[in-house]
Amino acid sequence: MAYFTKPQAILCDRDGTLIEDSHFLSHPDQIEWITGVLEALKFLKTQDISVLVVTNQSGVARGYFPVEAVEAVNDQMRRDAETASGAIADFYYCPHHPKGQVIQYSYVCDCRKPSPGLFIQAIAHHSLDPTRCWAIGDRLRDLEPGLQLGMKAFLVKTGYGIQEQQDLSKSPFSEQITVVSSMPEIINLISNESNSQQSKMLNVTH
Ligand SMILES: [Zn+2]
């Protein structure tokens, strides 16, 4: 197995990566954490690795839900992480879509992934070195902005990951993407002395 130097921060997709991808999820009651993710957030906090969530929320532009609904879900996720002794340092979301219904949000923006706008904002706000960051998601578009900025990238097989894996060979970045079963597996790829400890803690299988 390949190991990677401990990252400074992880820029993580939300739906299908941290929580189950329920179609256009818009209420805190719909949050269903993917198995092992909360324990992984706890471990990452002990390692001083920041987790930032970067998510496309085109349901806003499509008129399915308002920005307040996105923020309510994000706030609940932040609280859940804290309850589990983990942390989410920040949330970045794109409410836009080029073909939306809500005029205010319906245009070609520079923040809808795979555009890099949200990643650039996160890097600036948190003074991150992108070459010391990891991008994680269940779609190639979650990874491409990170790869363009010099990050390591991990495709999870939760959410749309299995489908996306079929297109992986077509991506110009395919050689640079590591496929993992789910988000918690990434912590076993961090090369440090506590690997054996975290494996026991999480009981992650490969
Ligand atoms: Zn946007």
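The numbers here are math on the coordinates, done by the rules we state, and not lab data. Since the structure is predicted, the reported quantities are computational estimates derived from the model, not experimental observations. Glycine also receives a Cβ, built like all others from the backbone with ideal geometry; neighbour counts cover every protein chain displayed.
Taken over the stretch 66-94, the criterion of being assigned to a loop (DSSP other than H, G, I, E, B) and at negative phi is satisfied by 66, 84, 86, 87, 88, 89. Any chance the stretch 110-128 includes a residue that's in a helix (DSSP H, G or I), within 16 Å of the ligand (Cβ to nearest atom) and among the charged types (D, E, K, R)? Looking for residues that are in a helix (DSSP H, G or I), within 16 Å of the ligand (Cβ to nearest atom) and among the charged types (D, E, K, R), one finds none in the stretch 110-128, hence no. Looking at this structure, is residue 63 over 14 Å from the mean Cα position of the chain (by Cα), within 22 Å of residue 161 (Cβ to Cβ) and not in a helix (DSSP H, G or I)? No.
Taking the criterion of being surrounded by fewer than 20 Cβ atoms within 10 Å (Cβ to Cβ) and within 16 Å of the ligand (Cβ to nearest atom), the residues of the stretch 60-73 that qualify are 62, 63, 64, 65, 66, 67, 71.
Taking the stretch 34-59 as the range and being outside any helix (DSSP H, G or I) and surrounded by fewer than 17 Cβ atoms within 10 Å (Cβ to Cβ) as the test, the residues that pass are 35, 47, 48.
In the stretch 129-166, the qualifying residues are those that are buried (at least 23 other Cβ atoms within 10 Å of the Cβ) and acidic (Asp, Glu), and the one that is nearest to the ligand (Cβ to nearest atom) is 142.
Being surrounded by fewer than 20 Cβ atoms within 10 Å (Cβ to Cβ) and within 14 Å of the ligand (Cβ to nearest atom) is the filter here; which residues of the stretch 93-104 pass it? If the condition is that a residue be surrounded by fewer than 20 Cβ atoms within 10 Å (Cβ to Cβ) and within 14 Å of the ligand (Cβ to nearest atom), then 98, 99, 100, 102, 104 are the ones that fit. Residues in the stretch 25-60 that are at positive phi and within 16 Å of the chain's Cα centre (by Cα): 36 alone.
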